[in-house]
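Beneath this line is the structure, given in structure tokens, with notes to follow.
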Amino acid sequence: MKIAVIGVGYVGLVSAACFAELGHTVVAVDNDPAKVAMLDAGHMPIHEDLLPELVKRHHGERLHFSSDIREASSDADVIFICVGTPPAINGDADMSYVEGVARELAASLHGHKVVVEKSTVPVGTAEAVQRTMLLHGASPNHFSVASNPEFLREGTAVSDFLFPDRILLGVPNDRTGKLLTELYQPILDGSYYQRPDAIPGDTTKAAQLIVTSVKSAELIKHASNAFLALKISFINSVANVCERVGADVREVALGMGTDSRIGPKFLTPGIGYGGSCFPKDVLAFRSVAKQVGYDFTLLTEVMEVNEDQKERFVAKVREALWTIRGKKLAVLGLAFKGGTDDVRDSPALELVRRFVEEGAQVTAYDPAAMSRAQATLPPGSVTYATDAYAACLNADAVLVLTEWPEFADLDLARVRKLLKLPIVLDGKNLLDPNKVKAAGLHYYGVGCCASPSPLPVSSAPAPRVAVETAAA
């Protein structure tokens, strides 16, 4: 089948490469000629596991890149809209990019096309796309509009696409549903997994095909992301209670997560959620509810807890160091999560800004996101290290802000020798507290394991010892 993918961001590029992997012919379109040239030259604009391999495998044969949306769409059977929907000032999703694509498509339809929303969009967007295309001259007999939300996690997006829990199709009619089902047939019938060159993954659980109305599919995506954000804010709130009563949130989360009705995923406390999806999708879903007359106050609480969690971590750093001004902080992690270079709405980046504003000297390291962070943070505000150990040199404390696996495997004895003061603040509960303490380091986690004893006199100035003794 011939496919056009409009927008070569995280969702668009992964979708284009994976559709090519399934055997379809794909043209991926972006209005940024520099990005198209980069991809044609074999370079990746994003950090995503397995993506470079797929692009290299299919580029020039089943996968092509272009800046011409009309040419790419004219021969396609299915056209996926994968452009951004950033938050507007009032909290609504900014649909101007989607509208722009709809206008362009109206002028390029020849024969029947299925236009599919892949971007996360508010309910009613398919109707708006259809209306826009009709107003700009498209014949109602030449297209239908469907919704096929993505459920891709940055860092594991390729595996999520090829080994999905479910494939959700929101369709206006049976004809559209049959065509889109055929698109995913190699996954649904398992034929893709029988190929000797298939990407390895878990084949023990077959993907569930869910076919709904278009509006239900649009709501499912927003509701799913909002619920996951709620789950994160809930466990962060539980962590705050744990700190007050002396319980360990890791044990509480384990006890909760083994209940099959709850499950263990997204029950890891930390410094709050971030990224390109949860913050804007929770905000947009609340805005959609408000527009139809429902005050979704629960989502307001989810956002407030998320913001408060960052403030609490700043307070924890202040508690451990007495004052932040003048301290040298080793920050490990700048991306909003491990496995990606995405720093959009990254809690780690927001915390770095706070520490700099309060007069700290920040030396940071991230395996993938330093160039993006450097383009986002004020010039000269942060020093960037070559590795985690270089960041720790002569630092007053090391802060783990992104859950990269290599940070979990740090040589803690080496870290102890490099640090000026033996303080570890684990904003992701990534490290083993017992191993940290065995290495002679004082551990501060989230919802657990606050350092129980004062710093030794030889390691800290007198005021610090007095404050930490009182706190203990």
Would you be able to say whether some residue in the range 113-128 is touching a Lys or Arg at 6+ places or on another chain (Cβ under 9 Å), over 30 Å from residue 202 (Cβ atoms) and surrounded by fewer than 18 Cβ atoms within 10 Å (Cβ to Cβ)?
yes
If we ask which residues in the range 233-283 are of a type in the set (A, V, I, L, M), assigned to a helix (DSSP H, G or I) and surrounded by 14 or more Cβ atoms within 10 Å (Cβ to Cβ), their number turns out to be 9
How many residues of the range 200-222 are modelled with pLDDT of 95 or more, among the hydrophobic types (A, V, I, L, M, F, W, C) and outside any helix (DSSP H, G or I)? The answer is 3
Looking at (1) outside any loop (DSSP other than H, G, I, E, B); (2) surrounded by 14 or more Cβ atoms within 10 Å (Cβ to Cβ); (3) touching a residue at least 12 places away in the same chain (Cβ under 8 Å), can you tell me which one residue 300 breaks?
(2)
Just give me the residues in the range 67-94 being within 26 Å of the chain's Cα centre (by Cα) and surrounded by fewer than 21 Cβ atoms within 10 Å (Cβ to Cβ), in sequence order.
84, 86, 87, 88, 89, 90, 91, 92, 94
Filtered residues of the range 289-324 (kept if farther than 19 Å from residue 122 by Cβ and among the aliphatic types (A, V, I, L, M))
305, 314, 315, 317, 320, 321, 324
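Here's the yes/no breakdown for (1) buried (at least 17 other Cβ atoms within 10 Å of the Cβ); (2) of a type in the set (A, V, I, L, M):
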{"residue": "146", "(1), (2)": "yes, yes"}
{"residue": "159", "(1), (2)": "yes, no"}
{"residue": "191", "(1), (2)": "no, no"}
{"residue": "213", "(1), (2)": "no, no"}
Criterion: part of a strand (DSSP E or B) and touching a helix residue (DSSP H, G or I) at 6+ places or on another chain (Cβ under 9 Å) - qualifying residue of 55, 27
27
Subset of the range 129-140 (residues that are among the hydroxyl-bearing types (Ser, Thr, Tyr) and surrounded by 13 or more Cβ atoms within 10 Å (Cβ to Cβ))
132
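Matching residues to (1) without any contact (Cβ under 8 Å) to a residue 60 or more places away in the chain; (2) within 20 Å of residue 147 (Cα to Cα); (3) not hydroxyl-bearing (Ser, Thr, Tyr):
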| residue | (1), (2), (3) |
| --- | --- |
| 24 | no, yes, yes |
| 45 | yes, no, yes |
| 63 | yes, no, yes |
| 77 | no, yes, yes |
| 86 | no, yes, yes |
| 95 | yes, yes, yes |
| 126 | no, yes, yes |
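The values are calculated or read from the model by the stated rules, or taken from the named source; none is laboratory data. Please read these numbers as outputs of a predicted model, since none were measured by experiment. Don't worry about glycine lacking a Cβ; one is built from the backbone with ideal geometry, like all the others, and counts go over all protein chains shown.
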